[in-house]
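So the structure is just underneath, and the comments pick up after that.
Read the figures in this text as sums done on the coordinates, not as results from a lab. It should be emphasised that the depicted structure is a prediction, and the values quoted were computed from it without experimental measurement. Positions of Cβ are backbone-derived with ideal geometry, glycine not excepted, and every protein chain shown enters the neighbour counts.
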Amino acid sequence: MEKKRILIAGAAGFLGSHLCDRFIKEGFHVIGMDNLLTGNIKNIEHLFPLQDFEYYHHDVTKFIHVPGKLDYILNFASPASPIDYLKMPIQTLKVGSLGTHNLLGLAKEKKARILVASTSEVYGDPNVHPQTEEYWGNVNPVGPRGVYDEAKRFLESITMAYHNFHGVETRIVRIFNTYGPRMRLNDGRALPAFMSQALSGQDLTVFGDGKQTRSFCYVDDLIEGIYRLLLSDYHLPVNIGNPEEITLNQFAEEIIALTGSKQKIVYHPLPKDDPKQRQPDITKARTLLGWEPKVGRQEGLKITFEYFKQALLK
Ligand code: NAD
């Protein structure tokens with residue numbers, strides 16, 4: 001039987017590379033696309049010898065041509081960490097808008113089903129807790145984080161428009177904080193920052209009083225949720241994340257204990273518009289996809305710590 005062909009935009013990134021691995025494992029022909037803005041080719045180099053993997057070095061904000069049929073498209077191209085999108089605000093807005101537009105156009109041309117990566121950031125600094133998909137969010141469009149949040153809100157809007165107006169088969173995943181191997185040590189997010197500080201003997205930096213909460217999902221769980229959503233028949237947004245909430249103080253303590261480091265926590269001022277609480281309501285994922293996270297934080301953090309230790313040695 002002919003293999004299903006899937007295009008993964010953002011293939012060399014943290015999540016994109018895990019998606020490439022998963023779809024290869026499921027027997028797909030995978031076409032990875034990336035311009036290496038924030039990604040690393042090392043994340044997918046192991047796939048290059050495979051017949052069922054192709055790599056296109058391409059910026060998705062430019063016209064996209066992929067020869068042959070396509071059954072599925074995943075749009076995971078975008079700077080994703082605050083450090084990246086604050087440094088590259090225009091690229092972030094362009095990839096969320098023009099890039100998504102191009103990929104939707106390709107989906108229409110190829111009659112492919114497309115899944116786009118949205119984010120919990122569409123909820124902004126939420127007034128509703130935990131966040132259900134019906135909550136419209138509390139985003140400051142002109143604040144520094146607006147470039148990412150509004151790019152993703154536009155991504156959702158244009159995806160719905162292609163679904164409603166052109167009948168394209170679309171899926172929208174709202175991803176909450178995810179961690180695991182292949183995250184960049186210096187991407188500015190709490191987990192890699194804490195781990196690299198602990199590993200290099202520096203104190204752990206917490207912004208604000210550390211009482212703000214986050215929930216962290218292990219990457220294998222997220223990938224399973226995305227896989228199920230893509231193959232489902234549900235076109236409205238679905239939250240995928242781990243609902244177990246933890247304060248940043250507790251999280252920093254857990255990492256100090258895990259790494260056996262002697263460092264302490266130091267406090268820095270909170271960045272502007274930093275959300276105080278984040279927790280997904282995953283009722284939809286549970287009922288529609290039969291999905292829930294399986295990997296506990298202790299186990300996931302251990303695997304990630306081993307990865308970071310190796311990465312620091314290289
Ligand atoms: P990442 O930075 O590791 O990966 C993004 C990839 O997209 C990189 O390889 C980058 O080079 C590529 N890219 C950026 N602009 C591009 C362009 N114009 N053309 C082609 N490729 C381009 O980030 P990630 O954590 O893997 O995030 C992937 C997606 O998931 C993003 O859309 C992000 O918004 C979303 N997301 C991630 C998280 C998370 O916790 N990691 C949470 C919510 C949403």
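Near the amide H of Ile8, within less than 5 Å, lie the amide hydrogens of Ile31, Gly32, Met33, Leu74, all on another chain or at least 5 residues away, with H placed in the peptide plane.
From least to most packed, judged by other beta carbons within 10 angstrom and beginning with the fewest, Ile8, Ile90, Ile24 follow the order Ile90, Ile24, Ile8. The ranking of Met1, Met88, Met160, Met33 from fewest to most other beta carbons within 10 Å of each one's beta carbon is Met1, Met160, Met88, Met33. With R₀ set to 25 Å, the beta-carbon distance separating Glu306 from Asn40 gives a calculated FRET efficiency near 0.85.
Per residue, what volume in Å³ does the Cα convex hull of the stretch 155-195 take up? Mind dumping the intermediate values first?
Numbers: hull volume 4.0 nm³, N = 41.
Once divided by residue count, the hull of the stretch 155-195 is 96 Å³.
According to the Cα gyration tensor, what semi-axes, each the square root of 5 times an eigenvalue, does the equivalent ellipsoid of the stretch 234-314 have, listed from largest to smallest in whole Å?
On the way: eigenvalues 169, 75, 29 Å².
For the stretch 234-314, the ellipsoid semi-axes come out as 29, 19, 12 Å.
Contact order for the chain, expressed relative to its length and based on alpha carbon pairs under 8 Å spaced 6+ residues apart, stands at 17 percent. With R₀ set to 25 Å, the beta-carbon distance separating Leu288 from Glu244 gives a calculated FRET efficiency near 0.75. What do you get for trypsin sites (Lys or Arg not before Pro) in the stretch 170-255 restricted to DSSP loop and a cutoff of at most 12 other Cβ within 10 Å of the site's Cβ? Answer in residue order: Lys211. Name the residue from Pro280, Thr119, Gly188 whose Cα lies farthest towards the positive end of the charge dipole of the chain, charges +1 on Cβ of Lys and Arg and -1 on Cβ of Asp and Glu. The Cα lying farthest towards the positive end belongs to Gly188.
Pairs from the list Lys87/Lys262; Lys25/Lys110; Lys272/Lys314; Lys42/Lys272; Lys25/Lys302 with a Cα-Cα gap above 26 Å: Lys87/Lys262; Lys272/Lys314; Lys42/Lys272.
The modelled label-to-label distance for the pair Phe48/Lys3, using points 7 Å beyond Cα in the direction of Cβ, is 1.8 nm.
Quote to one decimal, in nm, the extra length available between Trp136 and Tyr267 on full extension: 0.36 nm per residue of separation minus the C-alpha distance between them.
Working: separation 131, 0.36 × 131 = 47.16 nm, distance 3.17 nm.
Contour length minus Cα-Cα distance gives 44.0 nm.
Normalising the average separation of contacting C-alpha pairs (under 8 angstrom, six or more residues apart) by the number of residues puts the relative contact order of the stretch 154-228 at 30 percent.
Normalised by the residues of the stretch 190-244, what does the relative contact order come to in percent, with Cα pairs under 8 Å and at least six apart?
Normalised by residue count, the contact order of the stretch 190-244 is 35 percent.
Treating the beta-carbon of each Lys and Arg as +1 and of each Asp and Glu as -1, no other charges, what is the dipole magnitude of the chain about its Cα centre, to the nearest 20 debye? Before the final figure, lay out each step's value.
On the way: 37 positive and 36 negative charges, 82 e Å.
Dipole of the chain, to the nearest 20 debye: 400 debye.
Close amide H pairs (under 5 Å, H built 1.01 Å from N) link Arg171 with Ile114, Leu115, Val116, residues at least 5 positions away or on another chain.
Between Phe194, Phe165, Phe14, the GNM of the chain built on Cα springs shorter than 10 angstrom shows Phe165 fluctuating the most.
Bridge orientation summary for the chain: considering DSSP beta bridges with both residues in this region, about 10 percent are antiparallel.
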